[in-house]
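A.B. asks: Please see the structure below; I have some questions.
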Amino acid sequence: MNGIILETPRLILREYTLDDFDDLYKILSDAETMKHYPKPYDEQGTLRWLNWSLDNYRKYGFGLWAVIEKESGTFLGDC
């Protein structure tokens, strides 16, 4: 199924991959984005987040999904 979980006219929702690290880091390291967390994530925190999500797929068969804007291919976050 090439990793796509759900597709809408504007978005693709899919499982994370390790290739999402840089895009996820941009979000999780941003102070404004993470203002409701104790602090923004550093690289190790981002890798823990990503590995936690990948482990959830293996353990439970589901987890957070990456949200990609279809037209631009822009990584928007997760849900």
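The values are calculated or read from the model by the stated rules, or taken from the named source; none is laboratory data. Because the structure is a prediction, the values reported are computed rather than measured. All Cβ positions, even for glycine, are placed from backbone atoms using ideal geometry, and neighbour counts span all protein chains on display. Surface areas here come from the heavy atoms of the whole protein model, side chains and all, with no ligands, DNA or RNA. Shrake-Rupley method; radii C 1.70, N 1.55, O 1.52, S 1.80 Å.
A.B. asks: Can you give me the number of residues within the range 55-75 that are surrounded by fewer than 12 Cβ atoms within 10 Å (Cβ to Cβ) and under 11 Å from residue 15 (Cα atoms)?
C.D. replies: Adding up the residues that qualify gives 2.
A.B. asks: Taking only the range 27-79 into account, find how many residues are basic (Lys, Arg) and touching a Ser or Thr at 6+ places or on another chain (Cβ under 9 Å).
C.D. replies: Within the range 27-79, the first condition is being basic (Lys, Arg), and the residues that meet it are 35, 39, 48, 58-59, 70.
Add one more test, that the residue is touching a Ser or Thr at 6+ places or on another chain (Cβ under 9 Å), and what stays is 70.
Selection size over the range 27-79: 1.
A.B. asks: Another one. Of (1) open to solvent by 90 Å² or more (accessible area, probe 1.4 Å); (2) assigned to a helix (DSSP H, G or I); (3) touching a residue at least 40 places away in the same chain (Cβ under 8 Å), residue 52 satisfies all except one. Which?
C.D. replies: For residue 52, the exception is condition (3).
A.B. asks: In addition: What pairs can you find where one residue is in the range 27-43 and in contact (Cβ under 8 Å) with a residue 12 or more places away in the chain, the other is loosely packed, with under 10 Cβ neighbours inside 10 Å, and their Cβ atoms are less than 7 Å apart, with a gap of 6+ or different chains?
C.D. replies: Short answer, once both residue conditions are applied: 40/31.
A.B. asks: I'm told residue 43 meets every condition in (1) under 13 Å from the mean Cα position of the chain (by Cα); (2) exposed (fewer than 14 other Cβ atoms within 10 Å of the Cβ) except one. Can you identify the failing condition by its number?
C.D. replies: (1)
A.B. asks: Step by step: first the residues of the range 17-37, then only those that are of a type in the set (S, T, N, Q) and within 16 Å of residue 47 (Cβ to Cβ), then the one that is least open to solvent (accessible area, probe 1.4 Å). Which residue is that?
C.D. replies: My answer is 29.
A.B. asks: Looking at (1) part of a loop (DSSP other than H, G, I, E, B); (2) without any contact (Cβ under 8 Å) to a residue 60 or more places away in the chain, which is the one condition that is false for residue 20?
C.D. replies: The failed condition is (1).
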